[in-house]
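What follows is one structure encoded as C-alpha cells, with my remarks underneath.
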Amino acid sequence: MSIIPVEMIESKILLIRGQKVIIDSDLASLYGVETKRLNEQVKRNISRFPGDFVFQLTAKEKAEVVAICDHLAKLKFSSVLPHVFTEHGALMAASVLNSEKAVETSVFVIRAFVRLREMISSHKALAEKLGELEQRLEGHDASITEIVRAIQYLMQPDGPLKKKRIGFIHDSVDEGVK
C-alpha cells in the first residue's frame, strides 16, 4: 500500500451546498478504480447512498468546480454531471467497492475530513472571540464619537455674543402711544 498524504486528500475536498465533499473522479482515483466503476457500484447499492452521502452536481456547480480546480479541467468536456461524496458517502463507497486499496485509502480520506472539521471548529471558536471583541468595541466607538463631537464643539470659536441690554426698556415703542 502506498501512503497518501492527508494534505493531498484535503486539497481535493470542496465545500459545495454547505457540505465538505469530494468529486467522484477524485475519490475513484484515490481508491484506485475508474470513475465509471465507482458510479456503477453506487447505482447498484443506491439504498446505501442517501442524499446526505452523495448527490449530483448541477451544471452551474460543475462549471464553478471546473473553473476553480485545475485538476478537474477534463470535466469541462464531459456531458455527465459528476457526483460528489460527503465523508460518510466516501466511507460507504469504499465498502461497496470492496477492494483492499479502497478500504485502506478510506482511512486516509476519513482522516482528511476529520482534520478539516477540526480546523473549521477552531476557526469558529476564533470567529466567536472576534465577534465578542467587536461587540465590546462597538460601545467604545459610540463613546469615542461622543467625546470627539464634544471636543469639536468646545473648539468652535464663539460668535458675537448677543447680550441683553441692561437698563430700562420702554414698551411704548412696541405698544404704540396711548
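Just so you know, all these numbers are worked out from the coordinates, no wet-lab data involved. Quick caveat, the model's predicted, so the values are computed rather than measured. Every residue, glycine among them, receives a Cβ derived from its backbone with ideal geometry; neighbour counts consider all protein chains shown.
Diffusion coefficient (Stokes-Einstein, Kirkwood radius over C-alpha pairs, 4 °C, 1.567 mPa s) for region 6-126: 89 µm²/s, rounded to a whole number.
Fewest neighbouring Cβ atoms within 10 Å first, the residues H71, H88, H83 line up as H71, H88, H83. Given R0 = 25 Å, the distance between the Cβ atoms of C69 and R117 translates into a calculated FRET efficiency of 0.75.
In terms of distances greater than 32 angstrom between alpha carbons, the cross-link table entries K60/K124; K62/K124; K76/K101; K76/K129; K74/K124 yield K76/K129; K74/K124.
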